[in-house]
Structure formats: C-alpha cells, structure tokens
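Enquirer: Before we start, here is the structure in question, set down as structure tokens.
Coordinate-derived values only; no laboratory data. Being a predicted model, the structure only gives us computed values, none of them experimental. Don't worry about glycine lacking a Cβ; one is built from the backbone with ideal geometry, like all the others, and counts go over all protein chains shown.
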Amino acid sequence: MSAAQYLELYQSLTEVLPGQNMPWLSEIRQQAREKFAGGGFPTPREEEWKYTNVTALEKKLFKTSAEPGEEAVGPWLDDFYLADAWTVVLMDGFFSPGLSRLDGLPGNVIACGMTDALKHHPGRVKTLLGSALGLEAHGFIAFNTAFFSDGAFVEIPTGVSLSRPLQILHVSTRPEGLANTRSLVGLAANAGVRLVETYAGAQQAYLTAAVTEIKLAENAGLDHYKWQVESDQAHHFGGIYVSQERSSRFNQHNFCLGGLLARTEIHTELADGAECDMNGLFLGLGRQHVDNHTRIHHREPNGISRETYRGILADRARGVFQGRIVVHPNAQKTNAEMNSHNLLLSDDAEIDAKPQLEILADDVKCSHGLAVGQLDEESVFFLQSRGVGHETARNMLTFAFAQAMVEKIGLESLRFLVQERLLNRFPQSGIRRDWL
Amino acid sequence: MSAAEQTIEKLISQEYKQGFVTDLESDTLPPGLNEEVIRIISAKKDEPEWMLQWRLEAYRHWLTMTEPRWAYVDYPPIAYDAISYYSAPKAKEGPKKLNEVDPKLLETYNKLGIPLYEQERLAGVAVDAVFDSVSVATTFKDKLAEAGVIFCSMSEAIRHHPELVRQYLGSVVPAGDNFFAALNSAVFSDGSFVYIPKGVRCPMELSTYFRINAAKTGQFERTLIIAEERSYVSYLEGCTAPMRDENQLHAAVVELVALEGAQIKYSTVQNWYPGDEDGRGGIYNFVTKRGDCRGAHSKISWTQVETGSAITWKYPSCLLRGDHSIGEFYSVALTNHRQQADTGTKMIHIGKNTKSTIISKGISAGRANNSYRGLVKVLKSAENARNHTQCDSLLIGDRCGAHTFPYIEVKQASARIEHEATTSKIGEDQLFFCRQRGLSAEDAVSMIVNGFCKEVFKELPMEFAVEAQALLGISLEGSVG
Amino acid sequence: MLKIENLHVRVEDKPILKGISLTIRPGEVHAIMGPNGSGKSTLSNVLAGRDGYEISAGSVTYQGRNLLEMAPEERAREGVFLAFQYPVEIPGVSNIYLLKAALNAVRKHRGLHELDAIDFLKMIKDKVKLVEMNEQFLYRAVNEGFSGGEKKRNEILQMAVLEPRLCILDETDSGLDIDALKIVSDGVNSLRCEERSFILITHYQRLLDYIKPDFVHVLAQGRIVKSGDADLALELEDKGYGWIDQQLGAVA
C-alpha cells in the first residue's frame, strides 16, 4: 500500500512543514498522520467512496517539494486570473507572493499564505483550523491535515463587505507533482465576500489535494465559486467544508470541467435560519471520472437549502453525484430541496447517483428529484426542421443544458471565463458565440 | 399539548393486538447450529441426498460470511447458537382434510381473522398455512391440480417434484447470495412451492399465512414460484407472530421465476410482532426476495404492506433479463414505537426496453426509523430502459426518522430514469379541516394516512387491501400532524 | 344561538381581537366586514376551534354551551361549520369518501342511523346540483387540482350535506368570478332557514349583493367599531375603510 510510501516521503519533510514549532498544530498533524497510516486513502469499500476508486494514486508517487519552486509559469496562467479580483496564488502547494495580486486590499482584511498567517496570526489560524471539519475524517482529509505544505488564509472582519471579488488560484506546474494545501476562510458577523477558487495546471499528470475550511459567523454572506479546470491528466481532490452560524448565507457554484479523476466534496452545516444554495455543473469527456459529493446538515431550525446539479457525460466518462441532506432532531421548519439532472450522451458513458434524505425532525419540507436521460429528441427535431444540422442541434441543446447553470453565476468576469471554457470543451459545437 | 399531539400519544401507545400463544405440543430441536443439525433437519424431512449436500454447502459458505451492517438499523448481535432451527407441531399423521386439523390451530387462525373455512367458502382462496415451519393444511388442491398448477409445501415439492426444485432452487437467489440467504439455504424448514404450467392462468389467488409461534425458534421459509411461458399467478402472503419477549429471527427466501410472457403478482401483508413500546422483543425480519423476469415480455410485481417486525431488512427485487420485461414494486412500510425498517427494492435492467416502477410510502411514528433503500441499475445492454421512482415519507411526531437512500447506476445512454422523493408531516391544516367536518382526530389521521398509501393499496387484491387498511388502523389508527 | 362576549384573542402574545361582543339568533345572517388584518379570520378560526389562538378574556356560548371548551369535531357535530378561506387538499382521499365519513360522524352524534350507500348517493346527487358541480368531482381527491372557484363550491357542497346550524363563511367570495359567486350565493341562499344562522366574513360588499344580511358589523383593529343593517355595507363600499379609520381617529 502506497500510503506507507507517502508517509515515508513525508517523514523527511516533517521538519519543514509550516507550524512545526507549534505544539498544538504538531499534535493535530500527528493524530492525522496516525489516522492516515492506519487507513490510507479511501477505498470503494467506504460507502461515501463507493463509486470512486483512487487506487491509481497508489500506483504512482506524486511528490511534493520541500519549498516553493521558481519554475517559470507559462503565459497560459494569465487565462485564469479574474480581471477584477484580488488574487492569492498557490503554486505547487505554496503561496506565491510574486504571482499574487493583492494591491489595494483594505487594511483590515487578511488575505495571505498559511505559513505567513501562522507567523503573524497564529491565534486566528488555531481558531479556524479544523473548525468546519466536524467529524469529517476520511483518508484524504487526514492526509491533507498531516502534510499540508501551505494554503491561503482569508479573514473578513465584522461588517466588511468587499467591493471586489477575492480569488484563490491553485496552480500546478510540476510533472508528477503534488499540491497539498489547506486554506482557511473566516467571515465575521455581517461580513460579505465573493470568493472564487480556481484550480488549473500545466498539461501533465499531477495531484491536487486541497481542503478549504470556511466559517461564516452570524449573518455573514459568502458567494463561493469553485472553478475546476485542471489538466486532463490530473487527479484532483478538493474538499470544501463550511460551518454556517445563525442566518448566514452560503451561495455556492461548482463548475467541474477538468481532471482525469476529480472528486469534489462540499459539506455544510447550518445553524438557525441559515441558508445555503448549491449549484453544480460537471462535464465528463474522454475517460474522465467526475465525482461530486455534497452534504447539507440542518442542525438547527428554520434553515433553507436548495441544491441543483447538472451533469453531462460523453465518450467513456463516468459521473457520480452523491447528495445527502440530513435534518437533525429539532431542526424544525427546515426547507430542503435537491435536484439533479444528468445527460448521458454516449453508450459508453455512465452516471451513478445517490441522492439521500435523512430526516429526524417532523415539521419539515424536504424533497429530492433526480433524472437521467438524453437530449429531448423532439427539440433536436425542431432545430433540424429549422435547418440546423443534427450534430449542431445536439451540441446546441447540450450547451443550453449547461448554460442554464452558467447563467446563475453572479460574477460577470467569471461567467465569461466559464462560458469560454465550456465552448472550448465542445470544439465542433458550431455554436456561435454571438448567439449567447 | 395540543389535542392532535394527545391523539398521537394515545395512538402510538397502543399495544399489539395479535399477541397470543397457541398451546400446541411441538417437536423442537435444541438451540444451536452445526452440520449435525442440518443433517437432522434434512432427515426429519426425508430429503434426498442432493438436497442435504446443497444445504451443507450453503452452511459452509455461511460460516465464511459476515452479517451485513450497512442498513439504517441498530440491534444487538444475534446469538445464532441460541436459536432453535427446527420446530414442528407434533403431528401424528399429516391431516388430510381441514376437519382433521388440530382445532387449536384452527382457533389460532380464527383469532388472526383468517378462518380457513370462511376463506374456503367466501374467498375461494387456496391457503397453504405454514405454522411454525411445517405445512399443516392445504386446500383447494384438487381444483388447482385440474389446471395443472402445483401448489404445495416445499418439503412435498422436494419429494414429488425433485426435477423442478433442482432446476430452479437457488437459481434466482444463490445459496451464497448474502448472509441471511445462506443461512436460510442451510436450514430452511419449509415454505411454499408453486408451479404454473405454460399458458395457464391460475384459477384462484394463492395464499399462505405465515405465523411464528414457538419461542426462540427462527423461521426460515423458502418459497419458490415458477411461472411458465404466458402463465399468470397472484400469490398472497400474510405474516403475524404472537407476542414474545425475546427477539425472534426470521430469515426467509423467496424466489420467483417468470418465463416468456408470464406474470407473477406477489403481495405481502406483514404484521409480525413489532416488540413493545420500549423496543423489547419483536421479530427480526431479514428477508431476501427476488424475482427473475427471465423471458421476454414477462412481468413481476411486488406489493408489500409492512406494519410489523422490530426490524425489517427486505428488498424485493427484480432482475429484468427478458426484453420488454417489467418490474414493479409497491410498498407501504409503517414503523411505530421503536420499530426500524430498512426496506426498498432493486431493479436491475438487463434486457432491452425493460421498464420498472417503484412506489414507496414510508410512515414513521413514535421513535421509529424508516428507511427506503433502493437500487436502479441499468446495464449497457438495457437499451431504452425506463424507470420511475416515487418515494414519499410521512412523519408523525417529532421523535421519529424517515430516510431515503436511492442508488442510481446507469450505463446506457438511452435510459430514462426519474426519481422523486418527498418528506412531510400530516398537515395541521388537513387535520383541522377534517375535524371541522366532524371527524375525530383518529379517523382524520387514519383517513389521511390511507389516502397517502392509496397508490399502493390499489395494487393489492381486494381482501388484502381491506386487511391492510385495518392493519394500518391497528398500528396507528390514524395519527397526526 | 351564538353569544360572543368581550372576546379577547392573542396570537403569539400579540393581541388580535380586543373585546368582541356579538349575539346571533336563529335564522339571522350577520356580515362581518373589515380591512385586511382587522382580525376577521382570527374570529372564524377561534369559533371553529383551530389551534394556536390564546383566548385571553371573554366567552363564547353556543346553544347554551361553552363553545371554547369543545374540540373542533365536537363543534362540527353540534352544527358549527366553517367554510375555509383556503380549502385544504388531501391527496388520495376522495371527496365522496370525506363527505360520507363526515356526514356519518355528524349523524351518529345526532342520534341518527348512518346512511346506507344508496340513500347517501341519492342525497349527494341532489346536493351536487345545488352548487352546479360536475359529479366527477365527487370521485376526485379532496380539492386536489381544483380551481379556486371549484374549491369554494366544494365547501358549499360540504355545508349542504352536513346541514349545520351555524355557518361561518370565511372570505368565501375571494377569488371567485361573478358566475362562481352567483352559484355559491345561490347555494347559500337555498340553505337559509328559520333555524340556521350565518356569519359572512368578507372584505368586499359585492357578496352582500347576492346574500342579503340582516346585520352588518365592521371590524377594525380587533373591535367591532360599527354595526347596522345591510345599508351599512353599501355606505362602507361607498366611503371605503378609510372612513372607518377616520371615525376611529375621532373617537380616540
């Protein structure tokens, strides 16, 4: 089992991991290391990993370096910056001050690398680290906790609402490299921000293991976008774990377009009156395996959650959607709704879905709906009868199916980038950009 | 406490109405399980060597397996060595006619509300009653024989129709299919065997009443129904058990085989003892039911009303092998007090143009947990497969749980799968409205619950539908908002 | 028949009704009018026994008995009928089944034998004609997929079948077009008799063009601020609720 190899590899790095001089952090890392040593990476025997097999990771050894590299990044990176955002760049697992764009960030807002945060704001890191993970504890999380090399640290103080979006840009440049980051995002009461996490890399094989913990204090509002456009050969594990206090709002949009094997987890816990929206679009082409795993815990009354996911699977791609809504005892007046629509465009494509409801309170309104199908032949025919070619008609309808999710993006700069990317994923689509 | 809440309290504190023990002499093996026990069971039943070997193989396989624990149920470890694996009423000679049957036994049936005489006279239902493990009375044999239908106990079938049993037994649920199925294969006591010949429409509905009677005896029936090409049969199964302090294990296996154009309709009303309100006693109902739509245009339809048992672990499934075959699953599962149910179905689409429908209605009250767990799997070969699933849960009171765990796996692009699920409680508005029209809270709840279950009840044969409604009444007698 | 004395009602600690007194004798038709939020629906709900209302003072006597002590179904069986402002839907339960169950519960309470299927059907068919309903509606689930007008007609049908003594119509006219309003009104008028009383709760006067009340009361801010005969409704229509507010202001 290569968990041992990873352990061995990291043994030599232990000394240079950030926060080693802090006993509280060393202890957390030690516990996580023991857990990872005992169980390794998750296997399909675990119910939550039933449809995603990461044993491929065990055949390869993705290597992390001990310190930030100086590799030149190609001009391709420019495509991933949001023009109107402050950007924190994490390159190959380390905060890159040179590539980051943080000029003009208000003085009371913190946006920096984790190593720096541990140096300058150790108390704040201690409060946030692990606070949104709850009981989450599979092998990837243990691995991340034990060995994260850096990450982003963002804190928005009480009542501050940022005028421009913030971006965390995760970049991988080294072949067979491993970027293992832990990022922390804290919004104090009544704070608000639009945060975009982008994952991109050079066209080669590498592994991203990123965990983002988010804490939303009372009445805070976060619009969070995950824009995953990793290389087609990349392995991606990205977990987002959120703790929502009273009346906070978490509005999430998840676009998974890249990676050979990509697993996203988005889990949130809602306190009284908190609200959460999860919108997702995943597209699988070639031999991609795309797994989206969401979980919404309604722990207190009056919470609202709405979830809409769309999946498109073509070629030999396999998509997985696992959505779970748990309404805990006492979480009365919960209103939870989940919807998942999936298009299978090829006979070799596959979708596995597990929409689940666990309800332990009675005065609730919960529902889920799931559909698997193909393009509406009637619509294809209609377009054909208006002179559109069969292939183009199919592509148009497929694009329209995806576009419905793209249109929900509130950030114009991002919406444009996502749309471009989508269009590029349908190279022969015949879709004219000026139609959009 | 509002009037509605008081009503729930009253309703959910109701006791099991069918708890009585028949004082019959029975022939029971001492507790424990080993190869010797299996040999004794096989010998007592005068089985051929191949049957014994089949059992022993299953037993050896069982020893290598572990009990499944993935269901949303919680119970202490089962001591398999403390269970007696065989219990038969001490019959001198098998009764030939109803009036030769032990009158006490008939009395028991009367208490259950299924007097054989009356059924014989009124309903025209052939009843093969399994009392603890051995068939005691079979009626209407002659009429069925005329049509060429074989309807007998499994023991008889092994003796008289060994070729059919050998051909089909374990062909749908292999001996080592799962932990409980393997245990059943090793020790099954008796059960029903049905064979409908080609082109025959079974002239009456076939019915079996199961009832667990002796203390500490697991009941392991084995049922096998074979419907030859273009035949039709409707089979009814009802289950109750008297009140016992300790949990009793019930691990049955039902296998259905539908050949080309055949239709099998299998209906169950299960009212085993659910345990008392603190969760003491009650049946562990770990059942494997599976139908194989082997031929094209065949159809298997499962309808179940589950109101009893402390724990229900049951997933009547359909293998849709034949092109254009149809699988259906209609279920009402009601849990009250501390009952736990984890039930649902598997629809495996293999053939082209196969269709499945799942309608599941879960009702949870008291401190009960009720889960729907279902798999819809569309293999690559299943072009144009269609599935529609509707799972609705109704909650009564705020200490119970209702869960939905569907699994959908699709490998065929032309498939269309729709799944919908809702969870709600009986609305205060609905309840108030009914009471404003003069109905008592109990009647109002009962009416609303029955309305909630209607789509399933209409799939039941008439007599069963009436009984199912009455059962919901007993288990809940309406309920709340 | 009904005597309301100094009725005070709170909802979640907020006073809604602040001292209502009203006497209704057999055969009378009382209209209670008022602007939104004046407490009209609270009054009808309290009379029918809905949960969630706290009676902080006052009494309601119905046929010599304390109405407030009775369960909703007991009130219904004693002849109190509320036509809901928003009739509820009950999936899976057919209209005819509800009617039969309700009627037999009421009849049993009154010491009458239960109607057999044939008599029941005969009776129902007559009543259905009264509200000009298609008989098909009897076999559909209660109010499921009904239009607003169909739901209101269904309420009147239930009223006709149950033959109550005190009928409370809570904004039965809302959401009805003129034809439906006429049908509903005709249904109500045909049920008027010496022994039966009505409380019509409405926002608008137009219902009273079709059902002529004996008395009109204006409810505002939880009190009956003005009572009169049918002409009061016309005056109110003419001058609007602002007129009442002005008068209240003058009193204050």
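Enquirer: Residue separation times 0.36 nm, minus the C-alpha to C-alpha distance between A:D315 and A:K126: what's the value?
Expert: Length difference between fully extended and current span is 63.5 nm.
Enquirer: Also, I was wondering about something else. How would the protein assembly as shown be classified by its alpha-carbon gyration tensor: rounded, prolate or oblate, with rounded meaning a/c under 1.5 and the a/b versus b/c comparison settling the rest?
Expert: oblate
Enquirer: Hey, rough spin-label estimate for B:H388 and B:D74, points 7 angstrom out along Cα→Cβ, what's it come to in nanometres?
Expert: 3.8 nm
Enquirer: Using only alpha carbon pairs under 8 Å that are at least six residues apart, calculate the relative contact order of chain C and give it in whole percent.
Expert: For chain C, the relative contact order is 28 percent.
Enquirer: If R0 is 22 Å, what FRET efficiency do you get for B:E67 and A:E46 from their C-beta distance, rounded to 0.05?
Expert: Rounded to the nearest 0.05, the efficiency is 0.75.
Enquirer: Of the cross-linked pairs B:K314/B:K411; B:K352/B:K377; B:K458/C:K122; A:K226/B:K411, which ones have a Cα-Cα span greater than 20 Å in the structure shown?
Expert: B:K314/B:K411; B:K458/C:K122; A:K226/B:K411
Enquirer: Suppose we keep just the DSSP beta bridges with both residues in the protein assembly as shown; what percent of those would be antiparallel, to 5?
Expert: Here the share of antiparallel DSSP bridges comes out near 15 percent.
Enquirer: Report the relative contact order of chain A, percent, no decimals, based on alpha-carbon pairs under 8 angstrom and at least 6 residues apart.
Expert: 9 percent
Enquirer: For the pair A:E176 and A:D78, how long in nm is the line joining their label points, each one 7 Å along Cα→Cβ?
Expert: So the two model labels end up 3.2 nm from each other.
Enquirer: Next question. Taking only Cα atoms, what is the 0 to 90° angle, nearest 10, from helix C:178-191's long axis to the longest principal axis of chain C?
Expert: Once rounded, the angle reads 80 degrees.
Enquirer: A further question on this structure: Under the classification rounded if a/c is under 1.5, otherwise prolate if a/b is larger than b/c and oblate if not, where does chain A fall, given a ≥ b ≥ c as square roots of the Cα gyration tensor eigenvalues?
Expert: rounded
Enquirer: Could you give the angle, 0 to 90 degrees to the nearest 10, between helix A:390-406's Cα long axis and the longest principal axis of the Cα atoms of chain A?
Expert: 40 degrees
Enquirer: Could you compute the FRET efficiency for A:E412 and C:D126, with r as their C-beta to C-beta distance and R0 at 60 Å, rounded to 0.05?
Expert: 0.35
Enquirer: Now for a different question. For peptide B:394-401, compute the average count of partner chain beta-carbon atoms within 10 Å of each residue's beta-carbon.
Expert: 4
Enquirer: Would you mind classifying segment B:417-465 by shape? Square roots of the alpha carbon gyration tensor eigenvalues, ordered a ≥ b ≥ c; an a/c under 1.5 is rounded, otherwise it is prolate if a/b is larger than b/c and oblate if not.
Expert: Oblate is the answer for segment B:417-465, as a/c is 1.5 or above yet b/c matches or exceeds a/b.
Enquirer: Tilt of helix A:23-39 relative to the longest C-alpha principal axis of chain A, in degrees (0 to 90, nearest 10)?
Expert: Tilt of helix A:23-39: around 50 degrees.
Enquirer: Across peptide B:443-450, what mean number of C-beta atoms from other chains lies inside 10 Å of a residue's C-beta?
Expert: Partner Cβ neighbours, averaged per residue: 4.
Enquirer: Still on this structure, please answer the following. How big is the antiparallel share of DSSP beta bridges in chain C, given as a percent to the nearest 5?
Expert: Here the antiparallel bridges make up roughly 60 percent for chain C.
Enquirer: Along the Cα-to-C-beta direction of A:D347, a point sits 7 Å from the Cα; which residues of segment B:331-351 have their amide N less than 17 Å from that point?
Expert: Within reach of a label on A:D347: B:350-351.
Enquirer: I'd like the FRET efficiency for C:K239 and C:K212, computed as 1/(1 + (r/R0)^6) with the beta carbon distance as r and R0 of 22 Å, rounded to 0.05.
Expert: That gives a FRET efficiency of 0.60.
Enquirer: Step through the residues of segment A:176-187 one at a time and calculate ³J(HN,Hα) from phi using the Karplus curve (6.51 cos²θ - 1.76 cosθ + 1.60, θ = phi - 60°), rounding each to whole Hz and writing x for Gly and Pro.
Expert: 6, x, 10, 10, 10, 10, 10, 10, 10, 10, x, 10
Enquirer: At what distance in nm do the modelled label points of B:L164 and C:N6 sit from each other, each positioned 7 Å from its Cα along Cα→Cβ?
Expert: For B:L164 paired with C:N6, the spin-label model returns 8.4 nm.
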